[in-house]
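What follows draws every value from the coordinates through simple rules; no lab data is involved. The shown structure was predicted, so the numbers you read here are calculated from the model rather than taken from an experiment. Cβ sites come from the backbone with ideal geometry, for glycine too, and all protein chains shown count toward neighbours.
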């Protein structure tokens with residue numbers, strides 16, 4: 001039995017060729033046009049020697065180019081490796097090398113950073129620059145996406161792939177600061193989208209989905225691209241979150257589904273147009289990526305009359321695992337019920353399962369669980385021990401089967417739904433010649449949930465400003481990971497074992 005996730009687009013194009021698939025600024029793309037563009041991408045890749053199983057990196061924002069390239073890669077039988085568009089050269093280079101990418105699609109706004117990484121990745125043979133205005137442009141060492149697509153044929157038969165073949169590699173940071181590429185199969189991604197569409201929320205052909213979540217992230221990919229394409233819904237693509245623009249588009253296009261992280265909910269509720277905005281067309285707002293404050297969800301529902309449904313998942317779970325399925329069964333403060341076909345339990349430290357109300361680690365198994373991390377067999381053995389995916393999240397399940405998150409086993413900062421791992425940030429800070437020690441922790445923030453703070457010990461007789469530390473980090477890692485606050489200390493507190501005591505730091 002073969003299965004290629006991109007066939008969802010081909011089927012939708014065959015059934016509803018003239019239905020609007022994408023709204024983006026003044027452009028409208030039908031399903032037939034989107035599918036034809038994806039086929040052109042597949043032809044380009046084949047002409048460049050990309051074969052089934054090869055990895056193709058992409059660094060694209062929420063523009064029509066993302067689904068064109070993403071599904072085009074899959075149609076060619078290759079593996080898509082999307083990247084966060086905020087990454088810097090060193091982060092991009094690691095992904096190119098780890099995935100052994102054979103080609104790299106980069107949006108023109110990020111081409112300079114991408115080019116520096118590409119130049120140091122000899123195995124990556126093709127650098128394709130995607131023009132924002134769709135006008136063919138010379139790009140030095142890079143090739144013009146628009147020129148290549150215009151010359152390519154729109155005829156292509158999808159390469160036959162198997163359900164267990166890898167479709168996408170999505171990277172996530174780990175506690176040790178090492179990036180891990182989660183290998184998600186065609187079956188993982190198809191079944192997750194299908195389950196969300198049919199059993200979790202329900203997507204319909206008449207739905208209009210506001211796609212403001214980044215598509216390079218699993219949450220956006222499944223809930224705001226793969227599931228809508230499967231349902232033949234319309235997607236409104238927004239490359240950046242602007243609360244006023246979101247309110248305007250929901251009203252004008254009578255949008256029915258909006259997916260966001262809690263920080264976005266805050267800005268929508270407090271926007272100057274919130275009192276007059278008409279969001280009555282929305283069936284619901286989906287939220288995930290971070291804990292949704294119950295008072296904020298209630299405030300949104302009171303102001304706009306729209307239920308806020310919280311869910312839970314991981315990059316490693318395609319990503320949806322748990323969901324409050326509808327307004328009637330919604331339980332604010334919980335992450336909901338496991339979706340169809342997914343088994344979730346609370347595990348004690350000794351490997352036994354906890355009773356309702358008892359805290360432990362959330363573990364799961366099911367169709368959504370990744371094939372494993374790329375190139376990390378030892379890590380895979382640990383994370384899949386006992387036949388369960390160990391999430392590193394702490395929680396409990398109540399008497400009615402609803403799951404609740406209570407904390408993290410792993411050292412992580414959740415900034416506006418984006419995971420920041422202190423070890424990675426500390427390693428960058430310590431590259432500065434004036435710094436001898438550093439410790440990074442999170443601190444509470446009313447808008448973003450948590451912010452990043454660094455405690456820094458300088459070398460003797462050296463001076464440095466907090467701004468210099470932050471800018472040093474921003475030059476080397478994505479801006480959202482850089483510390484917002486920097487405090488210089490004479491020494492870091494340590495526990496009896498001589499390790500940095502981060503509990504004390506958080507209490508300072």
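Listing for the model above:
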item: Projected-area mean, segment 391-462, by convex hull of Cα positions, square nanometres; result: 6.3
item: Over segment 413-507, relative contact order from alpha-carbon pairs under 8 Å, at least 6 apart, %; result: 27
item: Anisotropy class of segment 1-56 from Cα gyration tensor, a/c 1.5 cut; result: oblate
item: Contour minus Cα-Cα distance for residue 376 and residue 206 (0.36 nm per residue); result: 56.9 nm
item: Nitroxide proxy distance, nm - points 7 Å out along Cα→Cβ at residue 354 and residue 119; result: 5.1
item: The chain, helix-only ellipticity at 222 nm - DSSP H runs n ≥ 4, -39,500 (n - 2.57), divided by all residues, nearest 500; result: -8000 deg cm²/dmol
item: Cα centroid of segment 265-332 to Cα centroid of segment 451-496, whole Å; result: 35
item: Whole-number percent relative contact order across the chain, with pairs defined as alpha carbons under 8 Å at least 6 apart; result: 12
item: Antiparallel DSSP beta bridges within segment 124-212, percent to nearest 5; result: 80
item: Ranked 186, 390, criterion: other C-beta atoms within 10 Å, fewest first; result: 390, 186
item: Fewest-first ranking of 124, 322, 135, using other Cβ atoms within 10 Å as the exposure measure; result: 135, 124, 322
item: Stretchable slack from residue 276 to residue 138, in nm (0.36 nm times residue separation minus alpha-carbon distance); result: 45.1 nm
item: Separation of the residue 491 and residue 298 label points, Cα + 7 Å toward Cβ, nm; result: 4.8
item: Segment residue 398-residue 254, extension gain: residue separation times 0.36 nm, minus the distance between their alpha carbons; result: 48.2 nm
item: Exposure proxy ranking, count of Cβ atoms within 10 Å, fewest first, for 130, 383, 294; result: 294, 383, 130
item: Rg over Rh [alpha-carbon atoms, Kirkwood Rh] for segment 181-328; result: 0.94
item: Radius of gyration, Dmax [segment 351-499; alpha carbons; angstrom]; result: 19.0, 61
item: Euclidean distance of C-alpha centroids, segment 158-217 and segment 364-425, integer Å; result: 17
